[in-house]
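Enquirer: Take this structure first; my questions come after.
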Amino acid sequence: MTGGGRRSARSRTKPSSDVNEDDDAFNKAKPISKLRRVKTKDHGTALRILNADLKIILGFGIIAALIIFFLVNHLISIAEEARRPRVVTPFPAPRIMDLPQFQGEHKESLYWGTYRPHVYFGIRARTPLSLVAGLMWLGVKDGRYFIRHICQDSDDLSTYGWTSHNGRDFGHQVLVDQDMTLATSFLKYKEDDSGYGGDWAVRINVQNQGWNEEMQKNVHLFFYLAEEDGNALSLGGDILDIHENSLLASGSRTDIGEWQLHLKSKADLEVHYSGLRTPHIHNLSDLVQENLASQLIRFNRLQLPDIYQSSSNILVFQISGRIPLETDIVFVSGAGENSRVEERISNLAGVSLTNQLNKKQREFDVKFESCFQLADKLDSNSIHVGKAAIGNMLGGIGYFYGQSKISIPKNSNVKSHDDFLLYWPAELYTAVPSRPFFPRGFLWDEGFHQLLIWRWDLHISLDIVGHWLDLINIDGWIPREQILGAEALSKVPAEFVLQHSSNGNPPTLFLVLRDLVNGIKKNKFTASESSEIISFLQQAFVRLEAWFQWFNTTQLGKDVGSYYWHGRDNLTIRELNPKTLSSGLDDYPRASHPTEDERHLDLRCWMLLAADCMNSVAELIWKENKPGKDYASTSNLLSDFDTLNQMHFDHASGAYFDFGNHTEKVRLSWKENMIGNNYVNRELVREVLERPELKLVPHVGYVSLFPFMTRIIPSESWILEKQLDLISNRSILWTNYGLRSLSKTSSMYMKRNTEHDAPYWRGPIWMNMNYMILSSLRHYSLENGPYRDKARAIYEELRDNLIRNVVQNYHQTGFLWEQYDQKQGKGKGARVFTGWTSLVLLIMAEAYNEM
């Protein structure tokens with residue numbers, strides 16, 4: 001009842017003639033309490049009045065206490081926020097991932113997945129503390145057994161990777177280890193009785209390739225479950241006989257309810273287990289290997305001990321049998337009473353699973369052709385590689401949770417016991433460049449990844465971009481490399497862990513955002529898709545503004561319209577040319593002596609992309625009510641052809657260059673240092689033979705072509721022809737396998753940067769830059785102008801060269817590679833590099849980005 005109700009009730013009660021004057025004065029003096037002293041024989045009425053009044057007082061007290069509690073907590077929160085260093089303070093705006101379009105069915109449909117790209121096969125949920133599953137096996141090499149689990153080159157697998165994956169509920173992978181071929185298939189399925197996220201199944205098929213030795217006729221697989229939150233898992237039974245009872249393990253989680261794990265197979269299998277209790281799972285391979293070694297030494301048996309430690313949060317099941325072998329592992333959630341568990345298990349095993357996997361494979365093939373339309377353009381070998389490209393890109397998507405380590409900013413008053421600060425706990429759903437070498441998020445790689453992914457699944461792409469933008473801090477900075485969680489951290493050398501808030505990374509996410517805006521303008525999306533993109537951009541806009549502003553202030557050069565990458569070491573004595581890691585092009589040669597006078601051509605062009613995209617987004621989502629910042633003027637400034645030429649063009653060579661404090665006369669020389677009395681240490685140190693001066697930095701390469709890539713050059717300009725000549729000149733950039741990263745005429749061509757750093761961006765062929773160059777060649781071949789035919793001829797030959805070389809390498813080696821040798825076209829660097837090298841599929845499909 002409201003206060004007004006209480007007053008009206010009181011006005012209808014006449015005062016008793018027996019009420020004492022003192023009592024009446026008391027009542028008048030304490031109107032809030034509503035207490036009345038009543039002299040009456042009706043003691044029940046008096047007690048009821050008294051109880052009601054006491055409840056009112058108690059209610060007011062509780063409300064007051066709650067107000068004080070929340071106020072104090074709010075003040076504490078404000079105080080903590082004030083004390084928190086800005087570099088680790090989240091951006092104060094609603095999270096993009098809180099949008100309704102990322103909730104409900106969308107979120108549940110992506111709950112389970114193969115989100116552990118660093119292992120050969122792994123499953124987890126998109127939640128910070130997940131139930132995790134994975135596969136190991138014993139490989140044989142030179143007569144010795146080795147555990148296979150973490151993707152690593154030292155395992156020397158002939159090939160591995162996803163031949164098909166739709167990013168959601170299906171994937172098929174082939175792994176060849178010596179003479180053994182494993183095929184792993186993943187299927188996710190949601191029934192009415194399933195718990196949150198549905199059920200899933202894994203099929204493992206093992207074949208041999210002509211083994212003869214007795215020890216090689218058996219295979220030992222290890223399938224495991226681990227609870228990251230430390231909760232105990234229940235074992236199916238002390239003795240596991242899958243033909244009597246298929247249950248391996250069970251448990252319960254608040255998110256998915258009761259669950260069960262079953263093993264189904266017609267093969268004659270022997271199953272053993274080990275229950276382990278440990279807070280970490282990144283060293284699980286070692287724990288299993290120690291268990292096996294102990295059993296082998298004590299009992300001469302290569303099997304797990306069938307021991308369950310108290311409250312084990314990890315269960316490892318050893319599945320042994322003779323090759324050929326096939327087994328199905330089924331996980332069912334929501335496995336309480338009346339949930340048709342047996343029927344659901346049957347639907348995800350045996351013939352039923354075969355039929356569903358075949359259906360998913362057909363759907364994948366149909367969608368692949370619908371998206372990329374290669375059937376009439378390329379042969380079956382090329383199409384096979386195209387499917388591997390998209391399959392590995394989607395199969396390599398991971399989910400990570402943790403806190404980045406941030407170096408303490410210079411000139412700050414921040415105090416810490418360590419040499420770093422912890423970012424706020426955050427989740428990241430992202431594709432990765434390479435499962436064995438770079439199984440984590442890289443900011444500038446991700447923009448290129450999304451050029452492929454949005455064409456396959458728009459909603460997955462928006463989800464990934466949203467996760468990245470939610471990592472932005474209050475200053476508008478995003479850490480360029482995301483090392484989240486113990487598993488991710490275990491794969492990174494210590495010197496690369498800390499992220500520096502002064503350093504950026506190319507804002508390539510604007511590439512995909514620009515594609516989406518252009519797609520809406522050209523009606524490439526359904527009405528529903530367009531609506532979701534616009535909602536996304538509206539929520540993201542304030543973050544994009546902050547990101548743009550961070551670049552436009554922290555990376556600004558001395559001259560109007562100039563920018564330079566921060567983070568170069570101007571004190572180094574061991575680098576031939578100080579690296580520019582923040583640019584993404586690492587050792588690409590810049591000014592020999594880093595200063596604030598530098599003007600970096602590529603960053604200027606990235607800023608043009610960002611300004612142009614911001615302007616397009618603002619026009620799309622705000623219509624007439626555009627925000628105050630005028631991105632169009634910034635875009636016009638940075639695209640001004642005359643200004644660009646004044647700052648970066650060299651008329652003598654017809655090329656665009658960086659500008660800075662530079663000399664060409666720098667070399668690495670051996671220097672001997674005496675250590676103690678008996679030891680001489682030799683090291684390569686930098687030797688400068690000439691005083692540097694401010695000038696253009698004369699190295700033709702990928703950076704020189706950024707104005708061409710961003711299409712600043714008018715189609716009728718003679719400078720365009722000069723760029724086409726640089727591209728097609730075999731003494732400069734052209735090879736039969738793609739465009740090399742640095743001209744053969746450069747003084748830095750294929751030079752080591754230190755004793756231990758081989759040339760990286762100083763000659764080899766990189767797919768992301770070749771894709772952008774091809775995109776602009778295609779653009780100029782369609783523009784009216786005197787050089788369109790020349791651009792067309794170069795475009796067609798370069799496209800053919802790139803496709804032929806990548807396809808040939810894949811069929812010879814079984815992998816896509818990080819880079820390709822400019823002399824013979826062979827894959828180099830990291831293998832299983834299914835990040836931006838997968839752009840070869842868009843080259844096949846002739847699907848390019850637009851300005």
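The values are calculated or read from the model by the stated rules, or taken from the named source; none is laboratory data. These numbers come from a predicted model, not from an experiment. We place every Cβ from the backbone using ideal geometry, glycine too, and count neighbours over all the protein chains shown. What goes into the accessible areas is simple: the full protein's heavy atoms, side chains included, and nothing from ligands, DNA or RNA. Shrake-Rupley method; radii C 1.70, N 1.55, O 1.52, S 1.80 Å.
Enquirer: Excluding ligands and nucleic acids, what accessible area in Å² is computed for S185 using a 1.4 Å probe, to the nearest 10?
Expert: 10
Enquirer: Ordering M851, M709 from largest to smallest accessible area (1.4 angstrom probe), what's the sequence?
Expert: Of M851, M709, the descending order of accessible area is M851, M709.
Enquirer: With a ≥ b ≥ c taken as the square roots of the eigenvalues of the C-alpha gyration tensor of the chain, please select rounded if a/c is under 1.5 and otherwise prolate if a/b is larger than b/c or oblate if it is not?
Expert: Oblate, since a/c reaches 1.5 and b/c is not below a/b.
Enquirer: Any chance you could look up the accessible area of E797 with a 1.4 Å probe, heavy atoms only, rounded to 10 Å²?
Expert: 90
Enquirer: Roughly how much of T643 is accessible, in Å² to the nearest 10, using a 1.4 Å probe?
Expert: Spelled out: T643, probe radius 1.4 Å, area about 40 Å².
Enquirer: First check a/c for the range 278-431, with a ≥ b ≥ c the square roots of the eigenvalues of its C-alpha gyration tensor; if it is under 1.5, answer rounded, and if not, answer prolate when a/b is larger than b/c or oblate otherwise. The partial results should precede the final answer.
Expert: Details: a/c = 1.88, a/b = 1.11, b/c = 1.70.
Oblate is the answer for the range 278-431, as a/c is 1.5 or above yet b/c matches or exceeds a/b.
Enquirer: Put T254, T554 in order of accessible area, largest first, 1.4 Å probe: what do you get?
Expert: T254, T554
Enquirer: Return the loop-located GluC sites (Glu not before Pro) in the range 281-362 (DSSP other than H, G, I, E, B) with at most 12 other Cβ atoms within 10 Å of their own Cβ; answer none if there are none.
Expert: Those satisfying the criteria are E337.
Enquirer: Tell me, what is the per residue accessible area of the chain in Å², probe radius 1.4 Å?
Expert: 44
Enquirer: Next question, about the same structure. I need to check one value: relative contact order of the range 103-372, counting alpha carbon pairs closer than 8 Å and at least 6 residues apart, in percent.
Expert: Working: 550 pairs, mean separation 51.9, N = 270.
Across the range 103-372, relative contact order equals 19 percent.
Enquirer: Select from the range 407-512 those trypsin sites (Lys or Arg not before Pro) which occupy a DSSP coil region and have at most 13 other Cβ atoms within 10 Å, ordered by residue number.
Expert: Those satisfying the criteria are K410, K415.
Enquirer: Shifting gears a bit: Would you list H384, H243, H699 from the most to the least accessible area, probe 1.4 Å?
Expert: Working: H384 85, H243 110, H699 5 Å².
Putting H384, H243, H699 in descending order of accessible area: H243, H384, H699.
Enquirer: Quick one: grab the alpha carbon gyration tensor of the range 103-372, order the square roots of its eigenvalues as a ≥ b ≥ c, and give me rounded if a/c is under 1.5, else prolate or oblate depending on whether a/b is larger than b/c.
Expert: Since a/c reaches 1.5 but b/c is at least a/b, the shape of the range 103-372 is classed as oblate.
Enquirer: Name the trypsin sites (Lys or Arg not before Pro) in the range 559-627 that are in a loop by DSSP and that have at most 12 other C-beta atoms within 10 Å, would you? Don't skip to the answer; put the middle values down first.
Expert: Values: sites: R568, R574, K579, R590, R599, R604, K623; in loops: R568, R574, K579, R590, K623.
Listed in order of number, the matching sites are K623.
Enquirer: Quick one: pull the percent of accessible area on the chain belonging to carbon and sulfur, 1.4 Å probe, ligands and nucleic acids left out.
Expert: Carbon plus sulfur share of accessible area: 50 percent.
Enquirer: Determine the sum of side-chain charges near G654: Lys and Arg each +1, Asp and Glu each -1, restricted to other residues whose C-beta is under 10 angstrom from that of G654. Walk me through the intermediate numbers first.
Expert: Numbers: positive: K722; negative: D650, E721, D725.
Summing Lys and Arg as +1 and Asp and Glu as -1 gives -2.
Enquirer: Given +1 on the Cβ of Lys and Arg, -1 on the Cβ of Asp and Glu, and no further charges, what dipole in debye does the chain carry about its Cα centre, rounded to the nearest 20?
Expert: 1680
Enquirer: Shifting gears a bit: Sequence gap at least 6, Cα distance under 8 Å: using those rules, report the relative contact order of the chain to the nearest whole percent.
Expert: On the way: 1571 pairs, mean separation 87.5, N = 851.
Reported as a whole number, the value is 10 percent.
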